[in-house]
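Participant: My questions will all concern the structure given below.
The values are calculated or read from the model by the stated rules, or taken from the named source; none is laboratory data. Not measured: the values here are computed from a predicted model. Glycine also receives a Cβ, built like all others from the backbone with ideal geometry; neighbour counts cover every protein chain displayed. SASA here: full protein model, heavy atoms, side chains in, ligands and nucleic acids out. Shrake-Rupley method; radii C 1.70, N 1.55, O 1.52, S 1.80 Å.
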Amino acid sequence: MIYLAIAVTAVAVLTLLVLAVVYRVLKSAHSRPTGAAPHQHSRFDRAVLSQVTRAIRLLVRSGVRLGPVMMLTVRGRKSGEPRTNPVDLFERDGRRWLVATHDADAQWVRNLRAAGEGSVSRGRRHYAFTAVELSQDEAAVVLREVLGPRLARPIGGFVLRRTLALPPGATPQAFTAAAAEHPVFELTLRGAGVGEQQERPVARRPVNVPALTIGAGVLVALAHVVLGASGVMTTGQWASGVVVGLLVAGLGNHLRIFGRRS
């Protein structure tokens, strides 16, 4: 029993450490750019963020829904070559908007402003579009009516509250001020997506990947705890298995939090 108690304590400590690292990285990644040198993260944060970004690209390209994230492809304003980046696409009543929730000076914003067209994709679904940048007043309405309700979510609104620097229940004037720093583009689809009909929506109900991922991670961690407690595995073996299981469960929890429908 003492070994089981030690194992459970170790799992709890590892879980707290993983959650602390995830919180720190997410908080740093979604800090609103300020000053002359924005987004100056530590070497550790940059390394983790690089892996997180790669994971997001892979998941979205595989068709996994991560909240409003889609892959945007637009022609580079200087090179003329296609550039692909993850962006936030919001939908309401059949209308669609790309919102620069992070940085008004992002390269994709400049490229889309110059090209006026591009495509968005998730998995095998690709949609070509034309884009019109909204005026500040029009953008403020979109931020207030479409993104505003998300700000009140205790977890789901975490990212938006940091990037837009707006609290829940912000005033219309605050949304207007935010619109000056967060460009909004309204999209008009030009044709049917690959293998889809024109009238089909961009989003679709996905398989419940978060629940499956969390469950698989927890089972892996518990299985290694039991094997370690029974002496089948060495300390290094079962501890490594527990860490892997917690990382898988943590990824699933991230998908659950940031992959909610609006």
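Participant: So, of the residues in the range 200-223 that are under 20 Å from ASP88 (Cβ atoms) and in a helix (DSSP H, G or I), which turns out to be modelled with the highest pLDDT? Steps first, please.
Facilitator: We begin by selecting, within the range 200-223, every residue under 20 Å from ASP88 (Cβ atoms); these are 201-206, 209-210.
From the residues that got through so far, the ones that are in a helix (DSSP H, G or I) too are 209-210.
Values: VAL209: 63, PRO210: 66.
Ranking the candidates gives PRO210 first.
Participant: Across the range 89-125, what is the number of residues that are open to solvent by less than 30 Å² (accessible area, probe 1.4 Å) and closer than 21 Å to ALA177 by Cβ?
Facilitator: Qualifying residue count, the range 89-125: 8.
Participant: Which residue is modelled with the highest pLDDT, if the candidates are limited to the range 159-177 and must be closer than 30 Å to SER121 by Cβ and hydrophobic (A, V, I, L, M, F, W, C)?
Facilitator: This residue is PHE175.
Participant: Sticking with this one: State whether one or more residues within the range 71-86 are of a type outside the set (D, E, K, R), touching a residue at least 60 places away in the same chain (Cβ under 8 Å) and closer than 21 Å to VAL159 by Cβ.
Facilitator: Our first condition is that a residue be of a type outside the set (D, E, K, R); within the range 71-86, this holds for 71-74, 76, 79-80, 82, 84-86.
Retained after the next criterion (residues that are touching a residue at least 60 places away in the same chain (Cβ under 8 Å)): none.
Looking through the range 71-86, none of the residues is of a type outside the set (D, E, K, R), touching a residue at least 60 places away in the same chain (Cβ under 8 Å) and closer than 21 Å to VAL159 by Cβ.
Participant: Here is a check on your reading of the model: is THR84 surrounded by fewer than 17 Cβ atoms within 10 Å (Cβ to Cβ) and under 10 Å from the mean Cα position of the chain (by Cα)?
Facilitator: no
Participant: ALA128: buried (at least 20 other Cβ atoms within 10 Å of the Cβ) and outside any loop (DSSP other than H, G, I, E, B), yes or no?
Facilitator: No; evaluated as a whole, the condition is false for this residue.
Participant: Kindly indicate which of GLY118, GLY148 is small (Gly, Ala, Ser) and part of a helix (DSSP H, G or I).
Facilitator: Residue meeting the stated conditions: GLY148.
Participant: Quick one: is ALA180 open to solvent by 60 Å² or more (accessible area, probe 1.4 Å), farther than 22 Å from VAL120 by Cα, modelled with pLDDT of 75 or more and among the small types (Gly, Ala, Ser)?
Facilitator: yes
Participant: Shifting gears a bit: Out of curiosity, is ASN253 in contact with a helix residue (DSSP H, G or I) (Cβ under 7 Å, 6 or more places away or on another chain) and either at pLDDT below 75 or surrounded by 19 or more Cβ atoms within 10 Å (Cβ to Cβ) (or both)?
Facilitator: Spelling it out, ASN253 is indeed in contact with a helix residue (DSSP H, G or I) (Cβ under 7 Å, 6 or more places away or on another chain) and either at pLDDT below 75 or surrounded by 19 or more Cβ atoms within 10 Å (Cβ to Cβ) (or both).
Participant: Now a separate question. Of all residues in the range 99-109, which are over 13 Å from PRO82 (Cα atoms) and not acidic (Asp, Glu)?
Facilitator: So the first thing to find is which residues in the range 99-109 are over 13 Å from PRO82 (Cα atoms), and the list is 99-106, 109.
Within the range 99-109, VAL99, ALA100, THR101, HIS102, ALA104, ALA106, VAL109 meet the criteria.
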